[in-house]
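Presented below is the structure to which this report refers.
The values are calculated or read from the model by the stated rules, or taken from the named source; none is laboratory data. Being a predicted model, the structure only gives us computed values, none of them experimental. Heads up, the Cβs are rebuilt from the backbone with ideal geometry, glycines too, and the neighbour counts pull from every protein chain shown. For the accessible areas, the whole protein counts, side chains as well, though only heavy atoms, and no ligand, DNA or RNA atoms are used. Shrake-Rupley method; radii C 1.70, N 1.55, O 1.52, S 1.80 Å.
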Amino acid sequence: QVQLVESGGGLAQPGGSLRLSCAASGIIASTNLMGWYRQAPGKERQPVALITSGGSTTYRNSVEGRFIIDRDNAKNKVYLQMDNLTPEDTALYFCRLIVGGNGYWGQGTQVTVSS
């Protein structure tokens, strides 16, 4: 059974930084897509950044240039470095894994940006 466990959320001031981590466990094919989504109160869950097992990345426009996604394939981990945070980045952040036609979610980690 595949499980995803996120860590690294918390409180940051505007302009600050946080780094999220997600560890995937279970039997996972080497070809897969990992990424981060977020959901703010009263809003739909939306993709933030995605990375293929080959290292190709995509970002939503509002985080381009501020967030960087990377991964460690040997450890089945994905990371999200978030810099220059704004209050609009406040949300519950979810790790996502898509492999073999199946999708998996982590439990989420809260990111709050406030002065």
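The figures follow:
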{"quantity": "Relative contact order of segment 43-87, pairs being alpha-carbon contacts under 8 Å that are 6 or more residues apart, as %", "calculated": "28 percent"}
{"quantity": "Karplus 3J(HN,Hα) series, Hz, for segment 105-115 with 6.51 cos²θ - 1.76 cosθ + 1.60 (x for Gly, Pro)", "calculated": "10, x, 7, x, 9, 7, 10, 10, 10, 7, 8"}
{"quantity": "Phi-based couplings in Hz for segment 88-97 (Karplus 6.51, -1.76, 1.60; Gly and Pro marked x)", "calculated": "5, 7, 4, 4, 8, 9, 10, 7, 10, 10"}
{"quantity": "In Å², nearest 10: area of residue 38 left accessible to a 1.4 Å probe", "calculated": "20 Å²"}
{"quantity": "Those residues of segment 1-36 whose amide nitrogen sits under 11 Å from the label point placed on residue 53, 7 Å along Cα→Cβ", "calculated": "28-34"}
{"quantity": "Segment 29-38 - phi-based ³J(HN,Hα) in whole Hz, Karplus 6.51/-1.76/1.60, Gly and Pro as x", "calculated": "5, 5, 8, 7, 10, 10, x, 10, 10, 9"}
{"quantity": "Accessible surface of the chain, 1.4 Å probe, proportion on carbon and sulfur as whole %", "calculated": "48 percent"}
{"quantity": "Förster radius 35 Å - calculated FRET efficiency between residue 31 and residue 84, Cβ distance, rounded to 0.05", "calculated": "0.60"}
{"quantity": "Cα centroid separation - segment 41-98 against segment 1-29, whole Å", "calculated": "10 Å"}
{"quantity": "Highest to lowest packing among 78-88, 3-13, 55-65, scored as the average C-beta count within 10 Å", "calculated": "78-88, 3-13, 55-65"}
{"quantity": "The chain - accessible surface per residue (Å², probe 1.4 Å)", "calculated": "53 Å²"}
